[in-house]
Structures are given as structure tokens and as C-alpha cells.
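Written out below as C-alpha cells is the structure these notes cover.
The values are calculated or read from the model by the stated rules, or taken from the named source; none is laboratory data. Nothing here was measured: the structure is a model prediction, and the numbers come from that model. All Cβ positions, even for glycine, are placed from backbone atoms using ideal geometry, and neighbour counts span all protein chains on display. Side chains are part of the model used for accessible areas, which takes the heavy atoms of the whole protein and leaves out ligands, DNA and RNA. Shrake-Rupley method; radii C 1.70, N 1.55, O 1.52, S 1.80 Å.
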Amino acid sequence: MLDAFVAAGFDMIDTADVYSVFAPGNRGGESETIIGKWLKQGGRRDKVIIATKVGLEMGPHREGLSKAYILRAVEDSLKRLQTGYIDLY
């Protein structure tokens, strides 16, 4: 689906660390993980703009907008996205 998205001329992928914590059995980060696996397949990172977010509750002591939490959350997002940078945070 993401290949078709880019092939159709789209280039911005919007996600968040909490996607899809709302679904039973999920812990959050599933969307970023899927996108990261797709990016890792190669040759795609320079074709898309990645936007992700932070702040909503991901679990105990995993929410908010303190500097310490944002730094932790961005590192977690980078790992899930399997990229060295996020275009819009």
C-alpha cells in the first residue's frame, strides 16, 4: 500500500507514537514500526516526508511534553521508523 501511495505521487506520511495503542493487544508504535519496515526495504527514505507526534499516553510514565520525555520518545520513534531523522515532529 505504501509503494502504491508513493507511486501515485504522494510523499508525506503522518503517524504518531500512540498509533495504535487504542486497539486491544497493542502497545503503541505499531504504525511507526510498519512504516520503518517499509523504509528499511531500501531506496524510499528520500522519497517521503515523515511526520510523527508525541504527548499522548503510551503507558505508565510514558506521556507528556517534558524535555526528558520528548527526548526519550523521539529516540523510540527513530528506532521504530528505522531512520536517522524525522522531518516534522
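Return the pairs, sorted by first residue and then second, in which the second residue is open to solvent by less than 10 Å² (accessible area, probe 1.4 Å), the first residue lies in the stretch 27-52 and is on the phi > 0 side of the Ramachandran plot, the beta carbons are less than 6 Å apart, and the residues are 6+ apart or on different chains.
Matching pairs, first to second residue: GLY28/ASP17; GLY29/ASP17.
Can you pull out every residue in the stretch 1-29 that is at pLDDT 95 or above, open to solvent by 80 Å² or more (accessible area, probe 1.4 Å), charged (D, E, K, R) and assigned to a loop (DSSP other than H, G, I, E, B)?
Within the stretch 1-29, none qualify.
I'm told GLY55 meets every condition in (1) at pLDDT 90 or above; (2) surrounded by 12 or more Cβ atoms within 10 Å (Cβ to Cβ) except one. Can you identify the failing condition by its number?
For GLY55, the exception is condition (1).
Considering only residues that are of a type in the set (Ser, Thr, Tyr) and either outside any loop (DSSP other than H, G, I, E, B) or in contact with an Asp or Glu (Cβ under 7 Å, 6 or more places away or on another chain) (or both), which ones fall in the stretch 30-89? Break it down stepwise before answering.
Pass one, the stretch 30-89, residues of a type in the set (Ser, Thr, Tyr): 31, 33, 52, 66, 69, 77, 83, 85, 89.
SER31, THR33, THR52, TYR69, SER77 - these are the residues of the stretch 30-89 that are of a type in the set (Ser, Thr, Tyr) and either outside any loop (DSSP other than H, G, I, E, B) or in contact with an Asp or Glu (Cβ under 7 Å, 6 or more places away or on another chain) (or both).
Restricting to the stretch 30-44, what's the tally of residues that are loosely packed, with under 14 Cβ neighbours inside 10 Å and charged (D, E, K, R)? Give the derivation first.
Residues of the stretch 30-44 that are loosely packed, with under 14 Cβ neighbours inside 10 Å, as a first pass: 37, 40-43.
From what is left, the residues that are charged (D, E, K, R) are 37, 40.
Summing the residues that are loosely packed, with under 14 Cβ neighbours inside 10 Å and charged (D, E, K, R) in the stretch 30-44 gives 2.
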